[in-house]
Amino acid sequence: MARRTLPLAALTAAAALTLTACGGSASAGASEAADEPEGKRPDIGLPKDAVMVVDKGQPAEAAHQPALDDAFRFIQAMRHGIVAQDPDDAAYQYYSTAGAARYARGQIEQWVKGGWTPTGKDQYYDTGTSSVGDGKGVLVTFCRDQSQTFSKSLESGEVHRTEKSPKSFQKYSVLMREKQGESGVWQAGQIEVQGEAKECSR
């Protein structure tokens with residue numbers, strides 16, 4: 001996916017202004033994909049050859065758990081849109097708004113334009129959370145290792161494989177806040193993706 005970054009300080013400052021006016025299951029530990037709670041939430045299921053593996057752990061503050069869970073549902077929803085080849089996919093729109101929604105749409109559009117779909121294992125780990133905007137928002141951070149996830153041509157089925165390198169590691173910061181009119185659901189409002197993140201190397 002293409003990278004678009006926003007300085008973390010600017011992200012946090014924007015969070016404060018916005019709220020006053022950048023593994024997958026709901027349980028701790030490593031897991032493939034995100035559990036989807038019952039209710040009105042959209043399907044974010046992924047094919048078996050394009051899994052997300054998230055070592056999410058537990059946030060320092062228990063109140064941050066819903067925001068942490070839905071941050072990864074947003075990431076999975078974006079991947080769902082790519083697999084579906086649909087820039088208007090309802091899943092990412094449910095879990096995002098503002099800059100995060102525009103980012104997700106842009107990512108999906110690039111994959112659609114290139115005629116590619118993801119395959120392999122996409123790994124996320126080293127999560128963290130912090131309160132912003134007088135506690136009304138939660139900044140979720142995590143690392144990504146994309147060395148085992150690749151692009152596959154929809155036309156030919158050819159898989160474009162790349163070697164593990166500093167470019168394989170990214171650091172995400174995602175600003176989450178509770179969705180208006182839907183208690184218990186959190187949406188991504190802004191996202192920062194830092195490429196070649198040394199602190200995420202392993």
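The values are calculated or read from the model by the stated rules, or taken from the named source; none is laboratory data. None of the values given here were measured: they were computed from a predicted structure. Cβ coordinates were reconstructed from backbone atoms using ideal geometry, including for glycine residues, and neighbour counts include every protein chain displayed. Side chains are part of the model used for accessible areas, which takes the heavy atoms of the whole protein and leaves out ligands, DNA and RNA. Shrake-Rupley method; radii C 1.70, N 1.55, O 1.52, S 1.80 Å.
Can you go through Ser25, Ser31 and tell me which one is part of a loop (DSSP other than H, G, I, E, B), modelled with pLDDT under 55 and either touching a strand residue (DSSP E or B) at 6+ places or on another chain (Cβ under 8 Å) or open to solvent by less than 30 Å² (accessible area, probe 1.4 Å) (or both)?
Selected residue: Ser25, the only one of Ser25, Ser31 that is part of a loop (DSSP other than H, G, I, E, B), modelled with pLDDT under 55 and either touching a strand residue (DSSP E or B) at 6+ places or on another chain (Cβ under 8 Å) or open to solvent by less than 30 Å² (accessible area, probe 1.4 Å) (or both).
All but one of (1) open to solvent by less than 30 Å² (accessible area, probe 1.4 Å); (2) on the phi > 0 side of the Ramachandran plot hold for Tyr124; state the number of the condition that does not hold.
All conditions are met except number (2).
So that you can scan it fast, the table gives a plain yes or no per residue for (1) modelled with pLDDT of 95 or more; (2) surrounded by 16 or more Cβ atoms within 10 Å (Cβ to Cβ):
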{"position": "Thr119", "(1), (2)": "yes, yes"}
{"position": "Val132", "(1), (2)": "no, yes"}
{"position": "Glu163", "(1), (2)": "no, no"}
{"position": "Gly184", "(1), (2)": "no, no"}
{"position": "Arg202", "(1), (2)": "no, no"}
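Step by step: first the residues of segment 81-95, then only those that are touching a helix residue (DSSP H, G or I) at 6+ places or on another chain (Cβ under 6 Å) and closer than 21 Å to Val51 by Cβ, then the one that is most open to solvent (accessible area, probe 1.4 Å). Which residue is that?
Gln85
From Lys167, Lys152, which residue is out of contact with any helix residue (DSSP H, G or I) (no Cβ under 6 Å at 6 or more places or on another chain), part of a strand (DSSP E or B), closer than 19 Å to Trp116 by Cβ and open to solvent by 40 Å² or more (accessible area, probe 1.4 Å)?
Of the residues listed, the single one that is out of contact with any helix residue (DSSP H, G or I) (no Cβ under 6 Å at 6 or more places or on another chain), part of a strand (DSSP E or B), closer than 19 Å to Trp116 by Cβ and open to solvent by 40 Å² or more (accessible area, probe 1.4 Å) is Lys152.
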